[in-house]
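Structure, as C-alpha cells:
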Amino acid sequence: MASNLGYDPTGKARQIAEGVYSLSQRTGGRVHAFLLDDGGDLTLIDTLFDSDGARVVAAIRQIGRSVSDLKNIIATHAHRSHIGALAALKAQSGATIWAHEWESDIIAGERRAQGVTIVPRRPFSVYYIQLGLVLGVAPHRPCEVDRFLREGDRVGPLEVIHIPGHSPGHMGFYWKERSALFAGDALATWPYLSLGWDGLNLNIAQHRRSLLKIDDVRADVVAVGHGEPATGDQIDVLRQMIRAAAPRRV
C-alpha cells in the first residue's frame, strides 16, 4: 500500500498539492521535507538529513524561486534527519527558524536529544536510526531558533498543532486551504503504514493522546516525516489505526 506521491529517486521536488512540494532523501530513513509556496514567501517544514542544504536549494530553484524567498523554516522536532541543513539554510536565506521551545536548546547544540530505548522495536529495519540516536551518532550543525511555536500559532499559511509523544516538543501543521496535514513523525508510511516508529516514540501514552488531534483534522494529503505522503485509502487505514490505538475521548 505504498504511495509514490512524494518520492523521486532523482531527488527532485514533487508537487503533492497546490503549492506543496515534497523533498525526499533515502539517508535518514526515507526522510521527507516540505516546501510551501502560497504565492508570497516560501515556508519550509524540516530540512532533510544532509548538512549543506543543497537539495532544498535545488528544489527552490526547480519551482522558479530564489533562496532569498525562503522566509520561514520550521523544525517539527530536533532529530538529525529533520534538521540536518538548518544552519546552512539559515545562513544562505536569512530565514526565521521556528521550533517548540523544548526542542530549541537541542537544535542550538546545547543539549543532546532525549535518549530513546536501546531495545529493538518495530519496525526493525530502522533500528540503525534508533541506535544512532541512542549513541549520538552524526550530530547536526547547531543552529539558533529565532521564534518558539505553540498550539494555535500561525506560520506562513500553516496552523500549528502541538502533538507531543515522539518528542515533547513535536509539532504538526495544517494548511486548511490545501487540505494538507503535516504530521511529522507522529505517523509513518515507510517501511509500512504505522503510528510512528515505536523505538523512537519517547512517550507512548502521550503520543496516542496526540493522535486524537490528528484524527480531528480533515485532509486529502497527510505528509509524514518518513515515507511518501498518504492519500485516499491510506489515510483511511491510518485513521482506523489511530482509533484502535488512541485512548477513548472523554
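The values are calculated or read from the model by the stated rules, or taken from the named source; none is laboratory data. All values reported here derive from a predicted model rather than from experimental measurement. Methodologically, a virtual Cβ is constructed for each residue, glycine included, from the backbone with ideal geometry; neighbour enumeration extends over all protein chains shown.
Going through I235, I214, I204 one at a time, which residue ends up being β-branched (V, I, T) and over 24 Å from A113 (Cβ atoms)? Of I235, I214, I204, the one residue that is β-branched (V, I, T) and over 24 Å from A113 (Cβ atoms) is I235.
Go through region 139-161 residue by residue and tally those that are part of a loop (DSSP other than H, G, I, E, B), under 28 Å from A17 (Cα atoms) and touching a residue at least 60 places away in the same chain (Cβ under 8 Å).
Within region 139-161, the subset part of a loop (DSSP other than H, G, I, E, B) is 139-146, 150-153, 156-157.
Subsequent filtering for residues that are under 28 Å from A17 (Cα atoms) retains 150-153, 156-157.
Narrowing the set further to residues that are touching a residue at least 60 places away in the same chain (Cβ under 8 Å) leaves 156-157.
Total satisfying the criteria: 2.
Figure legend. Inter-residue proximity from region 223-250: first residues on the phi > 0 side of the Ramachandran plot, second residues crowded, with 18+ Cβ neighbours inside 10 Å and not hydrophobic (A, V, I, L, M, F, W, C), beta-carbon distance below 7 Å, spacing 6+ or different chains. Indicated pairs: G227/R30; G227/T189. Scanning region 31-56 for residues that are surrounded by 22 or more Cβ atoms within 10 Å (Cβ to Cβ) and farther than 19 Å from R154 by Cα yields V31, H32, T47, L48, F49, G53, V56. Take Q206 and tell me if it is assigned to a helix (DSSP H, G or I), more than 13 Å from the chain's Cα centre (by Cα) and over 19 Å from S24 (Cβ atoms). The answer is yes for Q206.
Being over 14 Å from the mean Cα position of the chain (by Cα) and among the acidic types (D, E): is that true of D185 here?
Details: over 14 Å from the mean Cα position of the chain (by Cα): no; among the acidic types (D, E): yes.
It is false that D185 is over 14 Å from the mean Cα position of the chain (by Cα) and among the acidic types (D, E).
Looking at the structure I just gave you, is S81 crowded, with 21+ Cβ neighbours inside 10 Å, assigned to a strand (DSSP E or B), small (G, A, S) and within 15 Å of the chain's Cα centre (by Cα)? So that I can check it myself, show each step before the final result.
On the way: crowded, with 21+ Cβ neighbours inside 10 Å: yes; assigned to a strand (DSSP E or B): no; small (G, A, S): yes; within 15 Å of the chain's Cα centre (by Cα): yes.
Answer is no for this residue.
For A87, the test of being at pLDDT 95 or above and out of contact with any helix residue (DSSP H, G or I) (no Cβ under 7 Å at 6 or more places or on another chain) is passed.
Failed condition for L133, given (1) modelled with pLDDT of 95 or more; (2) surrounded by 16 or more Cβ atoms within 10 Å (Cβ to Cβ); (3) within 17 Å of the chain's Cα centre (by Cα), with all others met? If we test L133 against (1) modelled with pLDDT of 95 or more; (2) surrounded by 16 or more Cβ atoms within 10 Å (Cβ to Cβ); (3) within 17 Å of the chain's Cα centre (by Cα), just (1) comes out false.
Counting the residues of region 175-203 that are part of a loop (DSSP other than H, G, I, E, B) and on the phi < 0 side of the Ramachandran plot gives 12.
Out of (1) crowded, with 16+ Cβ neighbours inside 10 Å; (2) assigned to a loop (DSSP other than H, G, I, E, B), the odd one out for A59 is which? A59 satisfies all of (1) crowded, with 16+ Cβ neighbours inside 10 Å; (2) assigned to a loop (DSSP other than H, G, I, E, B) except (2).
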